[in-house]
Amino acid sequence: MISLMKNLAGMILLVVTLQSCNQGQSLQRYYVDNQEQPNFLSIDVPLSMLNLDKEQLTDDQKDAYKSIQKLNMLAYKVTPDNTLEYEVEMAKVKTILDDSKYEELMRGGNPEDGTFVIKILGKKDDIEEFILFGSLDNKGFAIIRVLGSDMNPNKIMTLASVMDKANIDDSKLSQFTEFFK
């Protein structure tokens, strides 16, 4: 009986190990692995930093605001000394985002001004994560993750329309923009 239990436990461990190997690296794992590495900049932005006047928001905008928990930003700066590493990191991120669990919403840009892609993780009306990945070969790349629960793309877009009126505390955001100068 004991050897049967050991065999069963060993098979369960093998299945779990094989299953986790097949899932590949997640975007979250990529963030954690690189947030303190050279040439990377990582910033977590609480939603409170946006300083929106919640009394002026429509019901859809309030719903969108409540559904967002935080923003994670990770950037990689390319320099003449790290172009090979930059290409490796770009390939890693593209491989992660090519996973079928990420659904593409939009793609745009051009090689001179930079390219971007917006992807989501979750179901249409229950989005867990919006991902904005942008790159410019002579500057680097940035990944912005909007994390939340029950996020709705249409409501999030209505919230985006009032962002230009927000009194944004840019102390953290200025680190991000200065990183690429």
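The values are calculated or read from the model by the stated rules, or taken from the named source; none is laboratory data. If you're wondering where the values come from, they're calculated on a predicted model, not measured in any experiment. Virtual Cβ from ideal backbone geometry, glycine too; neighbours counted across all protein chains shown. Quick note on the areas: whole protein, heavy atoms, side chains included, nothing else; ligands and nucleic acids left out. Shrake-Rupley method; radii C 1.70, N 1.55, O 1.52, S 1.80 Å.
So if I check each of Thr58, Thr95, Thr83, Thr79, which one is modelled with pLDDT of 95 or more and surrounded by fewer than 17 Cβ atoms within 10 Å (Cβ to Cβ)? It would help to see each step written out before you state the result.
Working: Thr58 fails: modelled with pLDDT of 95 or more; Thr83 fails: modelled with pLDDT of 95 or more; Thr79 fails: modelled with pLDDT of 95 or more.
Among Thr58, Thr95, Thr83, Thr79, only Thr95 is modelled with pLDDT of 95 or more and surrounded by fewer than 17 Cβ atoms within 10 Å (Cβ to Cβ).
Take the range 144-161 and flag every residue that is surrounded by 16 or more Cβ atoms within 10 Å (Cβ to Cβ) and in a loop (DSSP other than H, G, I, E, B).
Within the range 144-161, Asn152 is the sole residue that qualifies.
Does Glu112 count as more than 24 Å from Gln37 (Cα to Cα) and either without any contact (Cβ under 8 Å) to a residue 12 or more places away in the chain or surrounded by 17 or more Cβ atoms within 10 Å (Cβ to Cβ) (or both)? Please lay out each step first, then the result.
On the way: more than 24 Å from Gln37 (Cα to Cα): yes; either without any contact (Cβ under 8 Å) to a residue 12 or more places away in the chain or surrounded by 17 or more Cβ atoms within 10 Å (Cβ to Cβ) (or both): yes.
So Glu112 passes the test.
Based on what the data block shows, is Ser100 under 19 Å from the mean Cα position of the chain (by Cα), loosely packed, with under 12 Cβ neighbours inside 10 Å, within 19 Å of Phe130 (Cβ to Cβ) and modelled with pLDDT of 90 or more?
Values: under 19 Å from the mean Cα position of the chain (by Cα): yes; loosely packed, with under 12 Cβ neighbours inside 10 Å: yes; within 19 Å of Phe130 (Cβ to Cβ): yes; modelled with pLDDT of 90 or more: yes.
It is true that Ser100 is under 19 Å from the mean Cα position of the chain (by Cα), loosely packed, with under 12 Cβ neighbours inside 10 Å, within 19 Å of Phe130 (Cβ to Cβ) and modelled with pLDDT of 90 or more.
Hey, can you tell me all the residues within the range 103-127 that are β-branched (Val, Ile, Thr) and at pLDDT 90 or above?
We begin by selecting, within the range 103-127, every residue β-branched (Val, Ile, Thr); these are 115, 117-118, 120, 127.
Listed by number, the residues that qualify are Thr115, Val117, Ile118, Ile120.
Looking at (1) at positive phi; (2) modelled with pLDDT under 90, find the lone condition where Pro46 falls short.
Checking Pro46 against (1) at positive phi; (2) modelled with pLDDT under 90, the one that fails is (1).
So in the range 39-52, with the set limited to residues that are open to solvent by 70 Å² or more (accessible area, probe 1.4 Å) and free of Cβ contacts under 8 Å to residues at least 40 places away in the same chain, which one is farthest from Thr95 (Cα to Cα)? Please lay out each step first, then the result.
Of the range 39-52, the ones open to solvent by 70 Å² or more (accessible area, probe 1.4 Å) are 44, 48, 51.
From what's left, free of Cβ contacts under 8 Å to residues at least 40 places away in the same chain: 44, 48.
Numbers: Asp44: 23, Ser48: 32 Å.
By that ranking, first place goes to Ser48.
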